[in-house]
Structure formats: C-alpha cells, structure tokens
Amino acid sequence: MSGQVTPDIAVHLLCGFLGSGKTTRINMLIRRGELPDTLFLINDFGSLNIDAELIESSTGSNLGSGEVLRLSNGCACCGISGNLSAQLSAIRRWQHPPQRLVFEASGVARPRSLMQLFDAAGGYRLDRTELLVDLSTLDELLHDASVGDMVAAQLGDVDDVLLNRWGGMTLVDRQETARKIVTLNPGVCLQWLASLADNASVRANVAAEALPTEALPTFPCDTGMELASLSVGLTGPLDSSRLLALLDVARPVLLRAKGFLRSRDAPERIQLLQWTPGQARLTAQPGDRSAVLVLIGKGKLNLERLAAMIEEEAVTSRLV
C-alpha cells in the first residue's frame, strides 16, 4: 500500500426539478450496465427518501460493491452541505472506495453550488453534470411565482440539459419551450431523450368530474408560500382514481407526490405512485412495503389539508 495513489472517484451529478425523471434515468443506466462499481448518493427533499429505495430495488446484488446512501431532510446545496462533505471524506477512507459516484440532487437543489462542492472535494473528479427537464411542465414552472426563479437558475447553471416527456407536445410547443431554455443559457447543449417511463400504467391527469363537486378542495395560491414536504401514512387500500383526482385538483400547490400504496381493486399488491403536474404513474412493486405517500408543495398548511383529505379517502374506502 505504501506509495500507492488512489485514483479520484469520478462523479456523475444528476440534477433537475421535482419529478423530472432523475431516478428513472439512473435505473435506465443501471439496466444498460453503464454504472459498474458505482456508489449512489441520493438527496431527497423530505424525511422519507423514496428515490433511494427505488434505486436500491434496481441494483440488487449484481452490481458488486454498488451501494445506495441517503441524504434526507433537506437540500445538499443548503442546510446539509456539511453532512455531504463529511460523507464524501468518509467514502474516500473506505477500504475499497467505488470508482464512480452518482449523486442524485434534490429537486430544489442549485446545481452550481453542488458543482463547486465536488470541484473542491479532495479525491473526487466532477466528470459529468446533467440537468433533467420535464419539458411538458417547464413553461408552467417558469411562470410559477413560487418556483420560477429556482427553475430558471437550474437551467442557467448546467450546460448539458436532457429533455424528457416531450412526446405529447406539438412541434411548435416543443420548439418554443426549447428556445426559452437557450435564452436562459445560450451555451446549453440540448439532448432530446426517448421516453424514460418505466413499465407502468401511464395516464394523463384525470378530470375533476372524477369526484363529486362538493368533495373538490380549493387551494388558494399564495406566492409567498415556502416549499414543504409532508409524509402521509396510509392506513388502508385506496380508490386510486379518487386519490389521483385529489392530487390533480391540488395542482395550484402540489408539485410532487410519490410513495407506495395499496389500491382497493388489488389490495394484496403494493403499487408505486409517481405524480407530477404533468402525469401520474402507478407501477406494481415486488415485495412488501409500508403504505406511505410523500407530498411536496407550497405551504405546509396546504399539504396538511390535502393529507387530511387523503386520509378521509382511506376511511371511506374501508367503508365501501
């Protein structure tokens, strides 16, 4: 060991706003065999790191030393940056450190801060930085008073931008939205991805008529609301159509919902729910997990109100 130089760990930094498809892209690269001897470091906005669990289920034992580490309860470029630096130092001291580190940033992370952190981290080499964009919702996000500046800043920080979920857009809309990205970052390189959707039940947002009028919530959109995350334990099977309708009508404040649930029509099977303002997917999952939903959106009180309505739906489903 004397005099032996340990090579720098190559870092693949994957950024993108909430629900842009970062975890799905990582799983796609895993299935292609492009990430051998890789450590996955997942930073999720919230107390439950759903994304890390999904990547764990994809890696299995066939990747050798591939492991998944979690950073939760915040954004690595903000409140937990000290924890990240300490974690990086600890990884370098492992007896067999990985050759590559894939860091999935929180959806609210500023890429530039993370790029600077990895550039300064001894024993690491920032090899690749990508920003994943859900093109179908980008225009709406850029005009959102609460998150528009954040999304624009992310686009300005990263030159390699991967465009996802554009298949349902017209050619004119695609071109116009892409021009907005170039305006924010003239040096950007745009890559149009094929669909990153996993094998799943993919659906457009359901119509509000899926719920009785008196059951529809209203969510005042206060531009001063801060982003918040809330975990909701699900006590029983749900009517998945009614749940999706609740999430859809909460779009003024809800930015992301993900988690595991049991549907009333198949209570013996656990399903993964992935919801964004542009689409929702329900995917059957192997094994058994606790039924829990993570909500990310504007204003903790709004999320608590939505959580109460979801819990009421669970009670109603048990009585039907």
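The values are calculated or read from the model by the stated rules, or taken from the named source; none is laboratory data. Please read these numbers as outputs of a predicted model, since none were measured by experiment. Positions of Cβ are backbone-derived with ideal geometry, glycine not excepted, and every protein chain shown enters the neighbour counts. We work out accessible area using only protein heavy atoms, side chains counted, and drop any ligands, DNA or RNA first. Shrake-Rupley method; radii C 1.70, N 1.55, O 1.52, S 1.80 Å.
Of note:
- Two-site label geometry, residue 191 and residue 285: point separation in nm, points 7 Å out along Cα→Cβ: 2.8
- Element breakdown for region 221-320 at a 1.4 angstrom probe: carbon and sulfur atoms account for 50% of the accessible area.
- Estimated inter-spin distance, residue 89 and residue 269, nm [label 7 Å along Cα→Cβ]: 4.9
- Simple label model, 7 Å out from Cα along Cβ direction - residue 6 to residue 32, nm: 2.9
- Only lysines eight or more places from residue 258 in sequence, or on another chain, were considered; those with a Cα closer than 23 Å are 22, 298, 300.
- Residue order by solvent-accessible surface for 146, 106 is 146, 106, largest first, with ligands and nucleic acids left out and a 1.4 Å probe.
- Per-residue packing, averaged as other Cβ atoms within 10 Å, sorts the ranges 263-271, 131-139 into the order 131-139, 263-271, beginning with the highest.
- Per residue, region 248-320 exposes 40 Å² of solvent-accessible protein surface, assessed with a 1.4 angstrom probe and all protein chains in place.
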